[in-house]
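**Q** Submitted below is the structure of interest, expressed as structure tokens.
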Amino acid sequence: MKANQMRAFGGPETLVCEEVAMPSFGSGEVLLKIACCGVCHLDIILRSGMRSRVSLPRILGHELAGEVMAAGSDVEEFKVGDRVTVFNFQACGECADCLRGRPSLCRFTKGDIGQTRDGGYAEYAVLPAANLVRLPEGMAMEAACFAACVYGPPYKAIRKVGEIQRGQAVVVTGASGGLGLAAIQIVKALGGRAIAITSSPGKVELLKEKGASDVVVSADGSFGDDVRALTGGRGVDLVVELTGSPTFAGTLRSLAPGGRCAVIGELHGKPISINLGLLIIKEFRIEGVQSASREELREILDFIDRNGIEPEIWRRMPLAEAAEAHRQLHEREAVGRILLVP
Ligand SMILES: [Zn+2]
Ligand SMILES: [Zn+2]
């Protein structure tokens, strides 16, 4: 089969498209024909060698969707022809954290799809059945492949942490990135009001097109007063924090009493300072969100499908152009996601 393999750690040129042996499958595993695979910023981090558990050569790609071609004899959940996408954490499934539905906290994880085992930059992949989720009838593969990585964290932030309902206001920082656009789509689908914060004046139109009720252009944490003015002085019920320390002062200032802040992203890894008195008096809640669970992924697929949510796709490229896709993503030329289509 054709695959794009990472042969060394380094620049985009380490991604080489070549003919490799078809992967064989064993018990508990499924052979998938890949329909499409998203190129993620995480893939660039992995390629540069910043994650110690990745060995070489490796086929990257965790944002994939495809069709079941064959399965191990003990696999009962899936049959040939099923259309599936991937939950990318290979959690143990048995520890206390896994059992309470928090697989991203599993201490016995075998690493992630596209990291410690081959992923979706290929025509075929063999994956554990325990990591697959069936798509709703008729759902497009291109929408499904982004459900876990792009829609998962904002969905968990908005529905589980924020418990956002019709009419409630949500601030989304770093709104013009992939997760930010996803967050806006989710808030809009719930009948909420999304207030987008972006540092790029050029992204205002796109944000409104995607469903933002209001857009505040701000490169630092100074948007809090704008948000208050937009909400009659009250502030918002939830901030989806995608940039972290650079915007956190504005985030705190934006919160209504009893407001929640779901932290999904941190750009610089810098400490912040908080007046804990404010936290007490306003009864704020600040919660980190890394990933949705496999159960939540089923819910997300249904939600995306039911609400006709479509990801912003910038370009579709063949496997041979994975290096070019990495370059465009890294140089921030891409507005929306890049898809590799075998
Ligand atoms: Zn991803
Ligand atoms: Zn576990």
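The values are calculated or read from the model by the stated rules, or taken from the named source; none is laboratory data. On a predicted model such as this, the values are computed, not experimentally measured, just so you know. Quick reminder, even Gly has a Cβ in these numbers, built from the backbone with ideal geometry, and neighbours come from all protein chains shown.
**Q** Can you pull out every residue in segment 86-113 that is more than 16 Å from ligand 1 (Cβ to nearest atom) and of a type in the set (D, E, K, R)?
**A** Across segment 86-113, the qualifying residues are Glu94, Asp97, Arg100, Arg102, Arg107, Lys110.
**Q** Okay, moving on. Let me spell it out: the conditions are (1) in a loop (DSSP other than H, G, I, E, B); (2) surrounded by fewer than 12 Cβ atoms within 10 Å (Cβ to Cβ), and Pro257 meets all of them except one. Which number is the exception?
**A** Pro257 satisfies every listed condition except (1).
**Q** Quick one: which residue in Leu46, Leu64, Leu32 is surrounded by 13 or more Cβ atoms within 10 Å (Cβ to Cβ), part of a helix (DSSP H, G or I) and either without any contact (Cβ under 8 Å) to a residue 12 or more places away in the chain or away from ligand 2 (no atom under 16 Å from the Cβ) (or both)?
**A** Answer to the selection: Leu46.
**Q** Moving to a separate point now. Going by the structure shown, is Val75 of a type in the set (Val, Ile, Thr), surrounded by 16 or more Cβ atoms within 10 Å (Cβ to Cβ) and in a strand (DSSP E or B)?
**A** no
**Q** Additional query: Out of Leu319, Leu329, I need the residue that is closer than 22 Å to Ala183 by Cβ, in contact with a strand residue (DSSP E or B) (Cβ under 7 Å, 6 or more places away or on another chain) and in the same structural domain as Gly38 (by TED's automatic domain parsing). Which one?
**A** Result of the check over Leu319, Leu329: Leu329.
**Q** Is it the case, given these coordinates, that Ile186 is touching a residue at least 60 places away in the same chain (Cβ under 8 Å) and over 20 Å from Ala334 (Cβ atoms)?
**A** For Ile186, the condition - touching a residue at least 60 places away in the same chain (Cβ under 8 Å) and over 20 Å from Ala334 (Cβ atoms) - is met.
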